[in-house]
Each structure stands twice: as structure tokens, then as C-alpha cells.
1. Straight-line reach from K53: which aspartates and glutamates have Cα under 20 Å away, leaving out those fewer than 8 places along the same chain?
2. In debye, nearest 20: dipole of the chain around its Cα centre with unit charges on the Cβ of K, R (+) and D, E (-)?
3. What order, most packed first, do the peptides 20-32, 37-49, 110-122 have when packing is the mean number of other Cβ atoms within 10 Å of each residue?
4. How large is the dipole of region 1-50 about the Cα centre if only Lys and Arg carry +1 and Asp and Glu carry -1, each at its Cβ, rounded to the nearest 20 debye?
5. In whole Hz and in residue order, list the ³J(HN,Hα) couplings for region 36-52 that follow from phi through the Karplus curve 6.51 cos²θ - 1.76 cosθ + 1.60, θ = phi - 60°; x for Gly and Pro.
6. Report, to the nearest 10°, how far helix 79-89 tilts away from the longest principal axis of the Cα atoms in the chain, using its own Cα long axis and a range of 0 to 90°.
7. With contacts defined as alpha carbon pairs under 8 Å and 6 or more residues apart, what's the relative contact order of the chain in percent?
8. At q = 0.20, 0.23 Å⁻¹, what is the base-10 log of I(q)/I(0) for region 6-127 according to the Debye formula with one equal point scatterer per Cα and no solvent? Please give it to two decimals.
Amino acid sequence: MSKPLHLSVLQQSFSVHRFSIDSPVPTDVMNSEIFSVMRTDEELSIVCESSIKLNSEKAEMDWSALKVTGPLDFALTGILAGLATTLDEAGISLFALSTYDTDYILVKSKQLSRACMALSSAGYILENWMRDV
């Protein structure tokens with residue numbers, strides 16, 4: 001990549017839910033400003049703001065999101081790989097989501113500051129991030 005990527009730290013807290021394959025998509029998810037629904041032949045997964053309470057089989061709570069400022073060209077390569085490598089080197093796991101225009105990475109909220117420091121040190125430009133002083 002020729003110029004550094006910009007990432008925006010979203011203010012919402014997110015949850016990742018797992019439902020059985022035959023579960024309907026809960027209508028409450030539509031109350032989340034940002035959400036993702038993915039159904040496979042094995043499960044239904046939903047990511048939504050933590051303020052939306054869903055009755056899922058399993059849930060991982062307290063995720064923070066960073067949005068890659070887009071739109072991104074489909075010809076670009078290595079965006080998620082670069083983010084994942086940087087976070088891996090800092091010992092931080094991620095949950096990745098993509099839309100037509102851009103990518104999102106979720107990290108556990110308690111690791112957000114460390115993740116932002118690692119990404120900033122690697123040359124990514126972070127917006128809406130307040131360093132812990």
C-alpha cells in the first residue's frame with residue numbers, strides 16, 4: 001500500500017451471537033445502528049451493538065470496533081492481513097467483518113487501547129481514539 005490506512009474507532013460496544021441454523025433472524029437486531037447477519041449451513045451469527053439484547057445460544061460480549069476508512073477498491077490486497085499481523089504481533093485477537101465498501105475489525109474492549117497503540121506504531125492513522133493518559 002502506498003499511503004497509510006485510516007482507521008476510525010467506533011464508539012459503540014458490540015456483541016457476537018451464535019444461533020442454531022434454523023433460528024429466524026431476531027427483529028430486534030434492526031435496532032442496532034451497525035449490525036451483521038451471516039447464515040451458513042452450520043449456524044446463524046449476528047454481530048450487533050451490545051445494547052441490543054438477543055436470546056442467543058452463545059454470545060461473546062464487550063467488543064470494540066475499528067472501521068477502515070473506505071470505500072476500498074476490490075483490487076487492494078493485504079488490508080486484513082496487515083491488520084491481523086499487527087494485532088497478532090501484539091498478542092491481540094480479532095474478529096473481522098467486511099462490507100462492500102470497507103472492513104471492520106473487532107477487538108475485545110479491554111484490549112482496545114493496546115490494539116490502537118500497536119496499529120498506530122505500525123503506521124496506521126487512527127481517528128476517534130483517545131489515548132489513555
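Only the coordinates and a few stated rules stand behind these numbers; no lab work does. What you are looking at is a predicted structure, and each value in this text was computed from that prediction instead of being measured. Here the Cβ is made from the backbone with ideal geometry for all residues, glycine too, and neighbour counts use every protein chain on show.
1. Partners found: D22, D28, E33, E43, D62.
2. 420 debye
3. Descending mean neighbour count gives 110-122, 37-49, 20-32.
4. I would put it at about 300 debye.
5. Result, rounded to whole Hz: 9, 10, 9, 10, 10, 6, 10, 6, 10, 10, 9, 10, 8, 4, 5, 5, 8.
6. Taking the Cα atoms of the chain, the angle to 79-89 is about 80 degrees.
7. This gives 30 percent for the chain.
8. Those come out to -1.14, -1.34, one per q.
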